[in-house]
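Down below is the structure, laid out as structure tokens.
The values are calculated or read from the model by the stated rules, or taken from the named source; none is laboratory data. Remember, predicted model here, so these are calculated numbers, not experimental data. Here Cβ is always computed from backbone atoms with ideal geometry, including for glycine, and neighbour counts include all displayed protein chains. Heavy atoms of the whole protein, side chains included, go into the accessibility calculation; ligands, DNA and RNA do not. Shrake-Rupley method; radii C 1.70, N 1.55, O 1.52, S 1.80 Å.
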Amino acid sequence: MTHSLPSVPVTTAPFSTPDATLAGFHHHYATVDGVRMHYVCGGNQDGEALLLLAGFPQSWFAWRHVMQELKEHFWLVAPDLPGQGDSDRPETGYDTQSLAQKTHGLMQTLGHTSYFLVAHDVGAWVAYPYAALYRTEVKRLALLDAGIPGITLPDALPVTPDKSWKTWHFAFHTLPDLPEALISGNERIYLDWFLRRKTAAPDAFTDEDISEYLRVFLKSGGLRAGLAYYRSVMVSAEQNRELNSQGKLQVPLLAVSADQGSIPDMAVPLRAFAENVTGIIIANSGHFIPEEQPQALARELHTFFTM
């Protein structure tokens, strides 16, 4: 009689590739609840973990300069949210609570149970429910130039010419079909305007930077997924109002504005929803603070996280 023996598992390291421009940083993938997420990590293995979430129409790449500045002090994890960068673009799940849960699943997979969180734009939309849902894990939180749906994002957006160019896309992106019809075939024109018009100095983005954002935007489902964040905004807002009804955020929060950004002073409206808010306004920067003023931002983050 023969006896079958169970197969023996073989331990291996996850597949990774070094980043061509950031020494010591590697690209990885992890599957969370059926969604394959791309992330870049590296830095000081003995330092505290720092999670970085980018916004629209960007990816982990938005943090490259900040990561360079902070790599001596922190272990940095910069994922592409579902629908972003080189992560999967699922058909559903673009409400910010679902995105927060997926991102938390990634951090669990990586073994991180206590860390700092920094988020910009749509990434900040995700960071609010993340900090509310996982209050015991997020040690300190920094939000960059973003109105949070159901919290600080106003229901009525400005229509005067001096302000509407900053916010026109909120309504446009929620329309069915029209954005796809107008943007398809003109993706580089769209991204070039979106990124360079919202900066204090358009040369903050090189042609090579635009090409990298275009590369991931053109991936199958990229436009659909990018618009899905906005098309889910009412669901996200309702979720956030429910989270806020459970009490203000207690985590120390750094509200980072820019003198030429989208929101004059993020700290003012956030104080109604968070107990401990510190505000700073970075000079000579538009909306894309991590790429316009990375050294100043990194310095302020380091100060805030090492208090």
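Tabulated results
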{"item": "Cβ crowding within 10 Å averaged over residues, with 258-264, 152-158, 76-82 ranked highest first", "result": "76-82, 258-264, 152-158"}
{"item": "Alpha-carbon spread of region 107-166, three principal axes, descending order, Å", "result": "48, 18, 17"}
{"item": "Cα pair distances of the chain binned at 10 Å [whole percent]", "result": "6, 28, 37, 21, 4, 2, 1, 0, 0"}
{"item": "Region 6-113 - Rg over Rh from alpha carbon coordinates, Kirkwood radius", "result": "0.98"}
{"item": "Compactness index (Cα Rg / 2.2 N^0.38 Å), region 1-65", "result": "1.66"}
{"item": "Span from the region 13-59 Cα centroid across to the region 167-236 one, whole angstrom", "result": "23"}
{"item": "Cα→Cβ-extended label distance, 7 Å offset, between Asn186 and Tyr29, nm", "result": "3.4"}
{"item": "Pairwise FRET efficiency - Arg299 versus Leu178, Cβ, R0 = 45 Å, nearest 0.05", "result": "0.60"}
{"item": "Rough spin-label spacing in nm, given labels placed 7 Å along Cα→Cβ, for Thr12 and Ser245", "result": "4.9"}
{"item": "Residues listed by number, region 148-184, amide nitrogen under 20 Å from Val268 label point at 7 Å toward C-beta", "result": "148-168"}
{"item": "Solvent-accessible surface ranking, highest first, for Phe116, Phe170 at 1.4 angstrom", "result": "Phe170, Phe116"}
{"item": "Accessible surface ranking that places the most exposed of Ser87, Ser4, Ser16 first, with a 1.4 angstrom probe", "result": "Ser4, Ser16, Ser87"}
{"item": "Helix-only CD estimate at 222 nm, as mean residue ellipticity for the chain, using -39500 (n - 2.57) per DSSP H run (n ≥ 4)", "result": "-11000 deg cm²/dmol"}
{"item": "Accessible area in square angstrom per residue, region 36-187, 1.4 angstrom probe", "result": "35"}
{"item": "FRET efficiency for Glu72 and Asp207, using Cβ-Cβ distance with R0 set to 41 Å, rounded to 0.05", "result": "0.85"}
{"item": "Length released on extending from Ile281 to Gln45, taking residue separation times 0.36 nm less the Cα-Cα span", "result": "81.9 nm"}
{"item": "Test item: Cα-centred dipole of region 206-305, Lys/Arg +1 and Asp/Glu -1 on Cβ, debye", "result": "440"}
{"item": "P(r) of region 121-262 over all Cα-Cα pairs, binned every 5 Å from zero, in whole percent", "result": "2, 8, 16, 19, 20, 17, 12, 6, 2, 0"}
{"item": "Rounded to 5, the percent of DSSP beta bridges in the chain classed as antiparallel", "result": "40"}
